[in-house]
Structure formats: C-alpha cells, structure tokens
Amino acid sequence: MQELEYEEIQGIILSGYVKKRFAAYSLLRIRSRAGAQSYLRWLEARLTTGDQRPEDVCHNVAITATGLRALGLGEETLATFPRELVEGMAGTAKRSEILGDTGASAPEQWLWGGPGNQVDVLLMVFAHRPDQLDHALQEHRRRQQDGLEEVYFRSTEMLPERREHFGFADGITQPQIKETGRHLTGIECLRAGEFILGYENEYGKVPFSPSVAEDPRANRLLHTNGQNGRRDLGRNGSYLVVRQLDQHVAAFWRSMLDQADGDERLAVRLAAKCVGRWPGGAPLTLSPDEDDPSLHSANDFLYRDRDESGRGCPIGAHIRRANPRDSLGSSAKESLKISARHAIIRRGRSYGPELPRFAADEGEEQERGLFFICVNANIARQFEFIQQTWLDNPKFGGLHDGRDPLMSGADDNDHRIPGDPVRRRLTHLPRFTRVRGGGYFFLPSRAALRYLGQQAEAPLGADLPRTVAAHHAPGAQ
Amino acid sequence: MLEQQRPSAVSRLPALRRRSRSAAEIRRPTEPGPAQTGSALTAVAEIHPGRLESLDRLLTEIGDDIRNNPHIRFEQLTTVHFMRWVILRRRDGAAADYLALETNYDGTLDAHLADLAQAAGDTLHRIYSHCSGYALAGNRFGPSERVALASFLKARAVPSAAFYVAHPSKSARRIRLEAEVYDAIQAFLDAEGERARRQAPRVLYQRIRDHLRDRGLLAPLLLPQRPPPAREHLLQVGLRLLPLLAGPLLGLPLLLPPLLLKERTDRQWDPSRFDDRFERVPALASQEDRQVQNPLTHLVRVKPGPLRRFAVARVLATIDVLARHYYNQGDLGGIATIHFARWALLDDDRTLLFFSNYDGSWENYLGDFIDIASIGLTSIWSNTVDFPRSFLLLFGGARDEERFKSWTRAHQVYTQVWFSAYPKLTTRNIADNHRVAEGLARELTDDDAIREWLQLV
Ligand code: HEM
C-alpha cells in the first residue's frame with residue numbers, strides 16, 4: 001500500500017475538524033489573475049495539510065473550472081479534468097435535471113454558483129472560537145482585496161450534539177481511508193484513491209488525474225504523470241462537491257404530524273422512518289421500536305440478515321439509500337463491493353439558528369440548512385451517482401415510487417414504510433429542502449496550489465481562453 | 001400466419017399514478033396471451049446515399065417527442081415491448097450508413113409486422129423510402145405496400161448473435177395489466193389508511209380482492225399465461241455448450257499463444273484521445289434519464305483477423321445459450337436491470353452491434369458491467385478494437401473502470417427513436433407485480449401465505 005504524502009494533502013480530506021465548532025465559507029470571484037495568484041501564494045503558506053494539527057485555525061481552499069481558467073490554465077489543460085468539473089454543477093440543463101435542481105432549486109435562483117453569480121474560489125476557515133474566525137477572515141479579506149471579490153459568505157456554528165436541523169444526529173457514518181491506518185472497522189474502510197488522486201482506488205486503479213504540459217515551472221513543482229510527458233496536477237488533490245441546502249424544518253415536522261394524525265410520538269417515529277436513524281442516532285435496523293441512547297453512534301450493522309424487508313429501516317430511508325451496505329441485489333458480497341465504489345466523505349455543516357420540533361412556522365430567520373460538502377475522486381461515480389441513482393431515484397432498491405423523503409428533488413413524493421399487516425405510505429410529501437447554491441471544485445494539493453499561484457502559461461489578459469462551455473453542445477436540447 | 005393477429009385494439013398505457021386515469025378507459029384483454037412473447041427483430045437496411053440527412057430529420061422529429069409526434073402513435077402498437085430506430089454511420093464503424101430497427105415483440109413475426117403496418121404504415125413507408133432497395137413509389141400505403149414492406153424488413157432481418165429477455169413469458173399487455181393491478185391496490189390501501197392496518201390479514205386480503213373484482217381487474221388476471229421458463233441445471237447447460245466449446249477447448253494449445261500475444265500487443269483505448277467527448281458525451285447523455293429506463297446503442301469494429309472473428313462469434317453463441325437456458329429468471333449474469341438486450345454481428349462478422357433497454361442511470365448500468373459481469377462482457381468486447389487490455393479473454397478488460405467507461409461512450413451511438421410500452425416499470429417492478437398477481441389469480445387460503453402476500457403490496 002502506498003504511503004500518503006500527508007504534507008501535500010489538504011486537511012479537509014482527512015479531517016472534519018469537528019472540535020472547531022465554527023466554520024466560514026467564502027465564495028469568491030477572481031477579478032485579476034495577478035491579484036488572485038498573489039493571494040493564493042499567501043494562502044499556501046497557511047494551508048492546513050494532513051501533516052499538521054493546528055491549534056486554533058484551519059484553512060482550506062478549492063477552485064472551480066472557471067477559477068482554473070481565470071488563473072490561466074488553457075483549454076488543453078482544462079480538457080484533462082473530468083467533464084463534470086469542466087461543465088460545472090450548474091453548467092448544463094441536463095445536469096440540473098439529474099441532480100433535481102429544478103423549480104425553486106434551479107440554478108437561476110441560486111444565491112451563488114448560478115448563471116448570474118459564478119464563483120471561482122471557495123475558502124474554508126475553521127476555528128474554536130468566533131473571534132479567532134473573525135480575526136482570520138479579516139486577514140484573508142485584506143489579502144484578497146487586489147484580486148478577488150466575495151460573491152457569498154456563510155458562517156456556521158455546529159448545533160448541539162452535532163444534530164442537523166431536522167433534529168437528527170449527523171456525522172456518524174464516514175468512510176475511513178485504509179492507508180491512514182486509523183479505525184479499521186471493516187466495511188467502511190476504503191482505498192485512498194476513492195478520495196485522493198494519485199493513489200489506488202477500490203478498483204485497484206489509480207484514478208485519471210488532470211495534467212499540464214511540461215515547462216520549467218511545472219517541472220519544478222509537479223511530478224511527472226508517468227506517461228505522455230506531462231506533469232501531474234491532480235496528485236494528492238481531490239474534488240469537492242458543495243451544495244447549500246435550505247431545510248424547511250417547520251414544514252417537515254408539520255408534514256410528519258399530519259401523516260400521524262396529530263400524534264407527536266408517532267410523528268417522531270415516522271420521521272425516524274424517513275432518516276433510518278432515531279433523532280439520537282440509533283439505527284432503526286438495530287433498534288426498530290424506540291431510540292436507544294447506547295446506540296447513538298452505532299455504525300457496525302448490515303441490512304440483509306436483520307432487516308431485509310425494511311421493517312426496521314425502510315428501503316427508502318435516507319441512510320439506506322445513501323449507503324445501501326449489503327442490501328442491494330442478490331448477493332451481500334456484491335452489494336458491499338458496490339457500496340464501497342459509491343462512497344463520499346461528508347464534510348458539511350449546518351447553518352442558521354435552530355428551530356424547535358413542531359414549530360408553527362419557519363420563523364423570522366428563514367435561512368437554515370445544511371452546507372453540504374463532500375470529498376470524492378470521481379464526481380460522476382460518487383456524488384452524482386449517490387444523488388441520482390440512489391437518493392433521488394423513485395425505483396431505488398426495488399421500490400415502485402418514492403424518492404429520498406428528506407431531500408428529494410421532486411414534489412409529491414411517497415415513502416413506503418413496511419409494517420404489519422400491511423405497509424404504511426407517506427404520500428404527497430413536498431420538497432423539504434431547497435438548493436440555494438452549489439459548485440464542483442478542484443481541491444488542489446499544496447504543490448498544485450503553488451503551481452496555480454505562480455504559473456504563467458500565458459501573460460495576463462493576453463489569451464483569455466475561449467470557454468469550453470461555449471463550444472460544446474448544451475446537455476439537453 | 002396473419003390469422004393469429006389479435007385485434008389491434010387500443011391497449012392504452014395503464015394509469016400508473018393513482019390519480020391519473022379512470023380504469024374504465026383502459027381496454028382489458030379478454031383472451032389468453034399470445035403463444036410467443038418477447039421475441040427479437042433486428043432489421044438493418046442500407047440508407048440511400050444522399051438521403052441520410054432527410055432521414056435523420058424525420059427520425060429526430062419522431063424521437064424528440066415519442067408520445068405526441070405527428071408520425072407514429074406508438075401506444076397503438078399491441079405487440080411491442082421496446083423498439084428503436086438508429087442510424088449507424090460509416091464514421092461510427094459501420095461499413096455503410098445503415099438504418100437499424102430493433103423491436104421486442106409478442107406473437108408471430110407476421111402478426112407483429114402487421115401491427116406495425118396498421119399503427120404506422122404511412123410513416124414506415126416514408127422512413128424506408130430513404131433506404132436502398134425499397135422499391136415502392138408513391139405516398140399511398142395500401143395492402144400491397146403492406147406486404148412489400150413486410151418482406152423488405154424480413155429480407156434485412158439480422159439474427160441476434162445473443163439475445164436476452166428479463167421476463168420471457170410475459171406479454172407487454174400482461175405487464176401493463178399487472179402494473180395497473182398493483183396501482184389499484186396502492187390507491188385502495190392509501191384510501192383505507194389506518195383502517196387497513198387494523199384489519200385481520202385475511203379480511204384485508206379479501207377486501208382487496210373484492211375491490212379489484214369490482215373494478216374489473218380480477219377477471220383478466222385469471223386468464224391463462226405462458227408458464228415462465230425454468231432455469232436449467234448447470235450440467236444440462238454444459239451439455240448444450242459442449243458442441244460450441246469443445247472445439248476451442250481442444251484447440252487451446254494452438255489458440256492460446258496467439259491470443260496471449262495479441263492481448264499484450266493490441267492497442268487499447270486512450271481516454272486522452274477522446275477529443276470530442278465534450279460534445280459527444282453530453283449529446284448521448286441528453287437522451288438518457290428522461291424516464292426510468294434507458295436505451296444503449298453501441299457499435300464497434302471487431303479486431304482484424306480470423307482469431308478474433310471466431311472468438312467473438314463463439315462467445316456470443318455461448319452467451320445466447322446461457323441467456324436462454326440459465327439466465328432466464330430476470331438477470332443476465334447477475335445484472336438485473338436489463339429488459340431486453342441483444343448483440344448482432346454485421347458486415348461479415350466485422351462489426352458488433354449491441355442494443356440494450358435497461359433501468360436506471362448509465363453510471364449504474366456501466367457500474368454493474370464492471371462490478372458484477374465484467375468477465376462475460378470482457379469475453380465479448382475484448383475482441384473489438386481498442387477495448388481495455390484483457391487477459392485470457394476473460395480477465396481485466398472491463399475492470400479498468402475509467403478506461404472502460406470512456407471506451408463505451410466513445411463507441412456509443414445516438415438512438416434517434418426509442419419507445420417503451422411500459423416506461424415507468426423496472427424489471428424488478430415487473431417481477432414483483434407478477435408475484436402480486438399470482439397471489440390474486442389463485443385465491444390464497446393459508447394465513448401465512450396471506451401475511452406474506454400482504455408484504456408485497
Ligand atoms: C439537507 C439534506 C440532508 C440531511 C438533513 C441529511 C441528514 C442525514 C442524517 C441525519 C444522516 C445520519 C447520520 C450519519 O449517518 O452520519 C445522514 C447520513 C448520510 N447522508 Fe445525508 N443528509 C442530507 C443530504 C445528503 C446528501 C445530499 C447526500 C449525498 C449526496 C447525503 C449522504 C449521506 C450519506 C452517505 C450518509 C451516511 C449513510 C450511511 O453510511 O449509513 N446526505 N444524512
């Protein structure tokens with residue numbers, strides 16, 4: 001097994017920095033290449049990588065395709081990136097369709113990352129205390145002045161017990177990277193290449209990696225890619241998927257209460273049947289009848305033997321869709337293999353003030369939700385697959401009709417809850433989340449960030465390259 | 001055998017959402033299903049030089065609006081499960097520009113062709129007047145044209161080198177009927193709400209049955225059907241394969257060295273050479289995921305030389321035997337999302353054509369290829385140009401995930417026209433609806449059986 005090059009790998013791949021309860025996300029647009037590059041050089045010196053244990057503040061940075069272009073990468077280099085990244089999350093109508101970004105969630109309505117508010121750079125800062133965060137951000141802003149403009153800013157504070165806004169414990173399940181040698185608990189231990197470019201993945205292959213043509217600067221900073229005389233820009237980097245998902249908390253609980261004919265206990269039970277875990281975190285498969293605090297972080301369970309038909313955790317529940325474990329198809333072994341090949345590391349955080357369960361309305365401050373972030377080496381096979389083929393698929397796992405009850409991309413959703421003598425079905429569920437922004441980002445290694453901060457493939461402004469988007473067909477006619 | 005043709009009554013799509021349409025609108029079968037179900041027709045006709053663009057336009061008009069286009073009312077077809085027209089271009093690896101037709105049909109071929117002519121004769125006439133050898137002039141489509149069209153298509157029929165059907169004994173009509181029954185049960189249970197859950201299983205079962213009887217849905221379920229095929233014992237399958245594989249196995253000492261050499265030296269696909277992927281792939285993807293099912297059309301040259309031509313033909317013949325006698329229970333080598341798939345060899349076995357009608361996303365389908373069935377698929381496609389490097393014909397190949405996916409996209413062909421007679425059903429739904437229907441056609445009396453059945457709905 002390859003040794004990870006920790007000093008090159010951005011910390012967010014390896015850690016959620018969960019002890020730092022405060023985080024800020026700043027979405028930026030590049031105004032001048034030189035200014036942006038000088039900021040990136042400054043940032044590179046502060047970048048948190050896997051070899052560090054920063055006491056107070058952590059900094060990570062990611063860049064969209066438009067950002068890479070604005071930093072001077074030519075089309076020939078861009079074309080070595082995956083199509084998803086180059087087109088962008090909001091780049092084609094087809095992609096919006098398969099992600100469920102339609103209606104109120106359509107990119108035209110987004111706060112950032114949509115057609116009117118393109119973003120190039122994502123800065124992530126994490127801290128123990130709000131004053132540390134503010135202090136760090138002030139410094140960043142000063143350094144950004146010459147080259148970048150803020151399109152959107154969001155600060156977050158973790159909710160008590162790491163719950164998300166619907167009131168369920170979050171951040172329990174996370175795949176571990178085998179090469180780190182940590183937490184070897186069997187089913188969720190995956191090869192580094194699923195999350196970091198330059199290492200073998202679950203297929204025993206090193207993932208395709210973006211590359212640049214050789215020149216003195218590239219040769220100084222980047223490894224060869226072992227073929228066709230190019231330099232590996234992707235190595236030790238990854239891709240970040242970001243989606244800002246507003247959660248309609250009052251609407252969610254009102255809906256559960258309606259379906260339960262006003263019985264609050266039943267409403268909580270039905271909500272748990274939507275998630276697949278009780279609010280405290282206990283998996284329904286292990287504890288089908290009531291929340292069990294002793295199982296709050298239980299993760300060592302499978303579906304096939306204990307809960308094949310979904311009497312505990314319904315087939316359509318969020319966690320069973322997001323990670324079907326051994327329950328797909330006709331063989332547990334094959335199912336585990338498939339689940340391992342469509343995994344993500346989740347790094348999102350909740351934003352906005354808490355709202356009590358069964359609140360009458362969303363309150364004054366309407367904006368609350370999940371700033372969803374995930375790490376994956378292959379956006380199409382990991383994030384998009386989970387979103388499209390599992391979460392938002394009405395036919396998931398043999399179902400007839402019903403998307404993810406928490407975050408479906410369509411209104412009028414159904415959710416089947418097996419029971420005795422016959423199933424219950426939650427019907428006409430509206431969307432409980434609304435996409436407010438999003439993007440696909442390249443998460444560069446330290447060396448790649450250095451390259452992007454210094455490189456000068458073309459003089460500034462000389463060749464503002466024709467866009468790839470302009471000369472390839474839109475996804476849907 | 002035209003007398004076997006069933007009345008081309010309007011067998012409209014069932015009301016799949018509980019709220020959409022009243023049951024009375026839907027014509028129900030009143031006679032037993034056809035003696036044959038789920039057969040394959042592939043007809044490949046050469047396109048008249050110079051008529052390609054006009055044909056493309058016509059097909060695009062149809063394909064872009066499959067349900068409401070002015071040319072063909074597909075839902076009037078009574079014999080069809082899935083069908084497609086696709087242009088196979090010389091530049092995509094065909095020997096000439098061809099128009100390929102795929103249908104998956106019930107009943108006899110003659111009855112099926114009559115059904116096509118009945119529902120869309122004028123348009124078929126227009127489409128095939130773009131093809132060489134289609135001698136009929138004029139715009140009128142009368143009885144004699146009908147006969148001529150049928151013989152034109154039959155003359156251009158290409159046998160499937162391998163053919164797979166998920167549910168070989170089910171007619172399209174029966175599939176739609178059982179889906180309607182399932183939906184009616186869901187609507188009933190939703191309306192009953194809490195009441196249903198407080199009833200004794202036996203009472204609930206009876207009430208569901210009564211409800212279906214009142215809506216006229218029980219009687220058609222009682223009509224006899226073709227029995228589903230049995231999965232043969234592997235030994236029996238082995239005996240069937242013996243004549244196919246004995247030769248190659250005996251010849252192994254002779255065949256192996258050149259194969260191993262070729263496997264080391266054959267060129268493999270280089271994804272960085274897929275220059276036009278930013279145009280081609282979005283165009284292909286644009287026709288995917290409009291509904292539950294998707295079409296895949298794939299065309300690739302067989303590698304030069306007799307060894308590869310021999311290998312691909314034998315492998316496909318083997319897969320055909322397996323699909324008919326072993327993989328006849330709803331999965332092909334473990335892949336349970338394919339409704340109908342076929343491989344056909346064109347141009348003297350120099351080109352391999354693949355048609356598939358599958359459930360779910362392309363990523364999922366290709367993922368299944370790699371995760372579950374890579375050996376079978378590698379044994380076929382490793383004989384075609386640029387396939388990712390294989391070992392001993394069976395290993396490697398499709399396992400090279402990113403390279404394999406890129407290769408597949410590079411040889412995938414845009415499907416101009418594609419129709420499904422039950423666009424909202426997965427193979428799994430069809431199998432489950434079948435079990436529900438079985439528990440209704442035969443009245444259950446045993447308490448445990450009733451309990452189990454209730455878990456299906
Ligand atoms: C507002 C939207 C969302 C909410 C409220 C939500 C909530 C939750 C909760 C409560 C859990 C259980 C806790 C845990 O296992 O860590 C969970 C697990 C998970 N979620 Fe989400 N989630 C949301 C969106 C998403 C999205 C968009 C994805 C991916 C595309 C996703 C993927 C996952 C995965 C992979 C798991 C772990 C499942 C397992 O391994 O058992 N979630 N989510």
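What follows is calculated from the coordinates using simple rules that are stated; it is not laboratory data. This one's a predicted model, so the numbers in the text were calculated from it and none came from an experiment. FYI the Cβ positions are ideal-geometry reconstructions off the backbone, even for glycines, and counts take in every protein chain you see.
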- Message: Given axes a ≥ b ≥ c from the Cα gyration tensor, I'd like to know whether segment B:340-379 is rounded (a/c under 1.5), prolate (a/b larger than b/c) or oblate.
- Response: oblate
- Approximate spin-label separation B:Asp110-A:Asp261, in nm, with each point projected 7 Å along Cα-to-Cβ: 6.2
- Please give the peptides B:259-272, B:103-116 ranked by average Cβ packing (other Cβ atoms within 10 Å per residue), highest first, as a rough proxy for protection. B:103-116, B:259-272
- Note on the structure: If unit charges are put on Cβ atoms (+1 for Lys and Arg, -1 for Asp and Glu) and the dipole of the protein assembly as shown is taken about its Cα centre, the option from A:Gly116, B:Leu456, A:Thr285 lying farthest towards the positive end turns out to be B:Leu456
- Message: Nearest 10 degrees is fine. How inclined is helix B:172-192 to the longest principal axis of chain B, computing both from alpha carbons?
- Response: 50
- Query: Where the only charges are on Cβ atoms (+1 Lys, Arg; -1 Asp, Glu), what is the dipole of chain B about its Cα centre, to the nearest 20 debye?
  - Reply: 280
- Message: I need the GluC sites (Glu not before Pro) found in segment A:365-401, filtered to DSSP loop residues with at most 16 other beta carbons within 10 Å of theirs.
- Response: A:Glu365, A:Glu367
- What's the local net charge at B:Ala117, with K and R +1, D and E -1, over the other residues with C-beta under 12 Å away? -3
- Nearest 0.05, what FRET efficiency do B:Asp210 and A:Asp420 give at R0 = 35 Å with Cβ-Cβ as r? 0.95
- In percent, what relative contact order does segment B:230-416 have, based on Cα pairs under 8 Å that are 6 or more apart in sequence? 31
- Tilt of helix A:130-144 relative to the longest C-alpha principal axis of chain A, in degrees (0 to 90, nearest 10)? 40
- Report, in whole Å, the centroid distance computed from the Cα atoms of segment B:322-380 and segment A:79-111. 30
- Note on the structure: Check: C-alpha center segment A:242-263 vs C-alpha center segment A:288-324, spacing in Å is 21
- Task: Go through A:Phe358, A:His342, A:Leu391 and say which Cα lies farthest out towards the positive end of the charge dipole of chain A; charges sit on Cβ, +1 for Lys and Arg, -1 for Asp and Glu.
- Result: A:His342
- Item | Anisotropy class of segment B:39-160 from Cα gyration tensor, a/c 1.5 cut | rounded
- Task: Could you calculate the FRET efficiency of B:Leu456 with A:Glu290 from 1/(1 + (r/R0)^6), where r is the beta carbon distance between them and R0 is 30 Å, rounded to 0.05?
- Result: 0.60
- Please give the net charge around B:Glu363, taking every other residue with its beta carbon less than 14 angstrom from that of B:Glu363, where Lys and Arg add +1 and Asp and Glu add -1. -3
- Message: For A:Met407, A:Met1, which order do you get if you count the other beta carbons within 10 Å of each Cβ and list the fewest first?
- Response: A:Met1, A:Met407
- Task: Assign one of three labels to the protein assembly as shown, namely rounded, prolate or oblate, based on the Cα gyration tensor with a ≥ b ≥ c the square roots of its eigenvalues; rounded applies when a/c is under 1.5, prolate when it is not and a/b is larger than b/c, and oblate otherwise.
- Result: oblate
- Query: Order of A:Cys374, A:Cys274, A:Cys189, A:Cys313 from fewest to most other C-beta atoms within 10 Å?
  - Reply: A:Cys189, A:Cys374, A:Cys274, A:Cys313
- Would you mind ranking B:Thr445, A:Thr427, B:Thr42 by Cβ crowding within 10 Å, fewest neighbours first? B:Thr445, A:Thr427, B:Thr42
- Query: Can you give the mean number of other chain Cβ atoms that lie within 10 Å of the Cβ atoms in peptide B:360-373?
  - Reply: 5
- Query: If R0 is 56 Å, what FRET efficiency do you get for B:Phe391 and B:Lys154 from their C-beta distance, rounded to 0.05?
  - Reply: 0.85
- Only Lys, Arg (+1) and Asp, Glu (-1) charged, at Cβ; the protein assembly as shown dipole about Cα centre in debye: 1360
- Inter-label distance for B:Glu279 and A:Gln174, nm, one decimal - labels placed 7 Å from Cα along Cα-to-Cβ: 4.5
- Per-residue mean of C-beta atoms belonging to partner chains within 10 Å, peptide B:92-98: 0
- Message: To test your reading of the geometry: what angle, between 0 and 90 degrees and rounded to tens, separates the Cα axis of helix B:362-371 from the longest principal axis of chain B?
- Response: 70
- Message: Helix-only estimate, please: 222 nm mean residue ellipticity of chain B, summing -39500 (n - 2.57) across DSSP H runs of length 4 or more and dividing by its residues, to the nearest 500.
- Response: -14000 deg cm²/dmol
- Too long for a 32 Å Cα-Cα cut-off, among A:Lys94/B:Lys262; A:Lys20/A:Lys337; A:Lys94/B:Lys303; A:Lys333/A:Lys395, are A:Lys94/B:Lys262; A:Lys20/A:Lys337; A:Lys94/B:Lys303
- Task: Please give the residues of segment A:318-341, grouped as numeric ranges, whose backbone N is less than 16 Å from a label point set 7 Å along the Cα-to-Cβ vector of B:Ile375.
- Result: A:331, A:333-334
- Task: Kindly provide the helix-only [θ] at 222 nm of chain A, computed as the sum of -39,500 (n - 2.57) over DSSP H runs of four or more divided by all residues, to the nearest 500 deg cm²/dmol?
- Result: -6000 deg cm²/dmol
